[in-house]
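A.B. asks: I have a structure I would like to understand better, so I am pasting it below and will then ask my questions one at a time.
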Amino acid sequence: MQTVKELFKYIVSNLLICEANLVLKKYKPKVIAVTGSVGKTSTKDAIYNVLVPHFRIRKSEKSYNSEFGLPLTILGQKSAWMSPLGWAHILFIGATEIFFKSKYPEWLVLEVGANRPGDIRKISKWLKPDIGVLTRLPEIPVHIEFFPDREAIVNEKMSLAQDVKKNGLIVYNIDDETLREKVKDLSQEKISYGFSDLAQVKASNAQVLYEKNGDNNLPVGISFKLDHEGQIIPIRIKGVLGEHQVYSALAAIAVALASGLNIVAVAETIQNFYATPPGRLKLISGIKGSIILDDTYNSSPAALEAAIVALGGLETSGRKIALLGDMLELGEHTIEAHRLAGQLVAQNCDLLLTVGLRSKFFEEGAKEKGMKEENIRHFEDSLEAGQALDKIIKTGDAILIKGSQGMRMEKAVVEVMAEPLRAGELLCRQEEEWLKR
């Protein structure tokens, strides 16, 4: 049975890629491809939000970044999941795009990911982006379990940049030492972004924005100063936290400027239309006047570190609580990564709640740095943790909720968010197919 399923997947995947390739050749849209080990989806969405007022544009939905997701985006379709009739319908629609003229997008913004060796190489060979955007390549990337070492992941990610058209553009995070070195070997034009003085699109003075809510000051977003060619413009973005969100905004600004847009118009657009996808360190109102840092889409060492530091840096009248689920697919780095994150929690938080088999290493790390036993609690699953958190929360508390996709930490958010009826709008994995799991 498994062999039949794999054969079906192989056939459908190759048919989708064939149709997508033909559609690209027919309509010749400008293709922006975003890759990296951290921040791909937020950066992809930021780029889309900045360009959409000016161009006819389409982006990858959610994290459609695989051999299935990318062709589906190019064809303007959504996954049919396990329905053969659904996939047949998608292939039929793809054929009509090829044989009949349509008002196809001028731009495509695509997220390109890699779960296994060769994933990006297979895609980039036929995708041939006009612009390649490189986010970050941390020391312990997500999915490293399936690669022989970090260098293999770095090379996989860089293969997309290598396949950017010769007259194309590479937009990269200059604060990432690995990227800074790797792009030197690329012949395409380059634009750098970051906090470094070397960055062509530079940010400085990043701060948290607060607003009064009763007797409490609650975080509502971030601000920073944008510096490009001597022009300095203040930027304010509501609804998100974390330095990594500044990087996503900078990448989007760099792409927009390279596309000929005016920096003032770009700055205005990013403040009015910037929206990150659910589950990426989004600020959500919690029960009892608390604030939730919803980072439940996925987890990796670098992303978790950024989230814990963001929580620790908040000015709150209440406590700082971290509810953390396991980080998956880390292989030999599992114990070390969880323990180091636990140590960071002890330095930034008052309470630690954990979910999962690997989370005992969060607890060990926290205790090593002095967190008391009574301030640490473990739960069997995310729903149980959320129900317990409901009883723990007090006014003014700030709660970080994060874990790998398989831990389903969004279930905990539903239990403590102020408006649970808006879960479908505000949280990740709220589609019917996910809710059945």
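Readers should treat all values here as calculations from the given coordinates under stated rules, not as data from a laboratory. Note that the structure is a prediction, hence the values are computed from the model and not measured. Cβ: placed from backbone, ideal geometry, glycine included. Neighbour counts: every protein chain shown.
A.B. asks: Taking Cα centroids, how far is the range 36-79 from the range 196-268 in Å?
C.D. replies: About 21 Å separates the Cα centre of the range 36-79 from the one of the range 196-268.
A.B. asks: Here's something else I'd like to know. Where does each of 184-190, 108-114, 118-124 land if you order them by average Cβ count within 10 Å, highest first?
C.D. replies: By packing density, highest mean first, the sequence is 108-114, 118-124, 184-190.
A.B. asks: On to the next question. What shape does the range 1-129 have by the C-alpha gyration tensor, where a ≥ b ≥ c are the square roots of the eigenvalues, rounded means a/c under 1.5, and otherwise prolate means a/b greater than b/c and oblate the rest?
C.D. replies: oblate
A.B. asks: Measure nothing fancy, just the Cα-based angle from helix 263-273's long axis to the longest principal axis of the chain, in degrees from 0 to 90, nearest 10.
C.D. replies: 60
A.B. asks: Reachable lysines from K394, Cα under 16 Å, same-chain residues fewer than 8 places away excluded?
C.D. replies: Straight-line reach from K394, under 16 Å: K288, K320.
A.B. asks: Rank by packing, highest mean first: peptides 217-226, 338-347, with packing defined as the count of other Cβ atoms within 10 Å averaged across residues.
C.D. replies: 338-347, 217-226
A.B. asks: Let me ask you something else. Can you list the HN-Hα couplings for the range 95-112, worked out from phi with the Karplus curve (6.51, -1.76, 1.60; θ = phi - 60°), rounded to whole Hz and with x for Gly and Pro?
C.D. replies: My calculation for the range 95-112 gives 5, 5, 5, 6, 8, 10, 7, 9, 7, 7, x, 6, 10, 10, 10, 10, 8, 10 Hz in order.
A.B. asks: Please give the calculated 222 nm ellipticity per residue for the chain, where each DSSP H segment of at least 4 residues contributes -39500 (n - 2.57) and the sum is spread over every residue; nearest 500 deg cm²/dmol?
C.D. replies: For the chain, the value works out to -12500 deg cm²/dmol.
A.B. asks: Okay, moving on. Loop only by DSSP, 11 or fewer other Cβ within 10 Å of the Cβ. Give me the GluC sites (Glu not before Pro) in the range 198-304 that pass, ordered by residue number.
C.D. replies: Qualifying residues, ordered by number: E229.
A.B. asks: What does the highest-first list of 302-308, 256-262 look like by mean Cβ count within 10 Å?
C.D. replies: My ranking of the peptides, most packed first, is 302-308, 256-262.
A.B. asks: On to the next question. Compute the helix-to-body angle for 382-392: its Cα long axis versus the longest principal axis of the chain, expressed 0 to 90° and rounded to tens.
C.D. replies: 40
A.B. asks: Tell me, what HN-Hα J-couplings in whole Hz come from the Karplus equation 6.51 cos²θ - 1.76 cosθ + 1.60 at θ = phi - 60° for each residue of the range 248-259, using x for Gly and Pro?
C.D. replies: 4, 5, 4, 4, 5, 5, 4, 5, 5, 5, 5, 8
A.B. asks: While we're here: Starting from the alpha-carbon convex hull of the range 278-329, give the projected area averaged over all orientations, in nm².
C.D. replies: 3.8
A.B. asks: Also: Relative to the longest principal Cα axis of the chain, at what angle does helix 150-162 sit, 0 to 90 degrees, rounded to 10?
C.D. replies: The two axes meet at around 40 degrees.
A.B. asks: GluC sites (Glu not before Pro), restricted to the range 327-420: which are DSSP loop and have at most 11 other Cβ atoms within 10 Å?
C.D. replies: E380
A.B. asks: So if the hydrodynamic radius of the chain is defined as the Kirkwood radius over C-alpha pairs, what does Stokes-Einstein give as its diffusion coefficient at 10 °C and 1.306 mPa s, in µm² per second?
C.D. replies: Details: Rh = 22.5 Å.
For the chosen part, D equals 71 µm²/s.
A.B. asks: Reachable aspartates and glutamates from K122, Cα under 15 Å, same-chain residues fewer than 8 places away excluded?
C.D. replies: Correct list for K122: E67, E111, E156, D163.
A.B. asks: Just to be sure I understand: of the beta bridges DSSP finds with both ends in the chain, what percent are antiparallel, rounded to 5?
C.D. replies: Percentage antiparallel, nearest 5: 35.
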